[in-house]
1. Convert each backbone phi in the stretch 13-26 into a coupling constant with the Karplus relation 6.51 cos²θ - 1.76 cosθ + 1.60 (shift: θ = phi - 60°), then list the ³J(HN,Hα) values in order as whole Hz, x for Gly and Pro.
2. Roughly what would the spin-label model give for ARG11 and ASP59, points 7 Å off Cα along C-beta, in nm?
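What follows draws every value from the coordinates through simple rules; no lab data is involved. Everything numeric in this text was worked out from a predicted model, so none of it was measured. All Cβ positions, glycine included, derive from the backbone under ideal geometry; neighbour counts span all protein chains shown.
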Amino acid sequence: MKPDETDGRLRCLLGQLIALLCDRAIDHVAHGVDRALLTCDDDNVGSRAVIEGAGGRLDEAWPLAEPDGDTSARRRYWID
């Protein structure tokens, strides 16, 4: 298997995993959990697309920079 094929398959599997997590979050909300929180790195376009496609709402109040000095920005999404 070529490295490009491995990379593509890994991205596909990770996308499926994120979609499964979104489905589980929706199931939990349907069974009495007020809401579920999913996060991803700001530059992870694939994860953002999957979470937003599953109904995740971006937490606009959450700063992209971490208070502990971590420079990798993260996005918080709520599923209710």
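1. 5, 5, x, 5, 5, 5, 4, 5, 4, 4, 4, 5, 4, 5
2. For ARG11 paired with ASP59, the spin-label model returns 2.8 nm.
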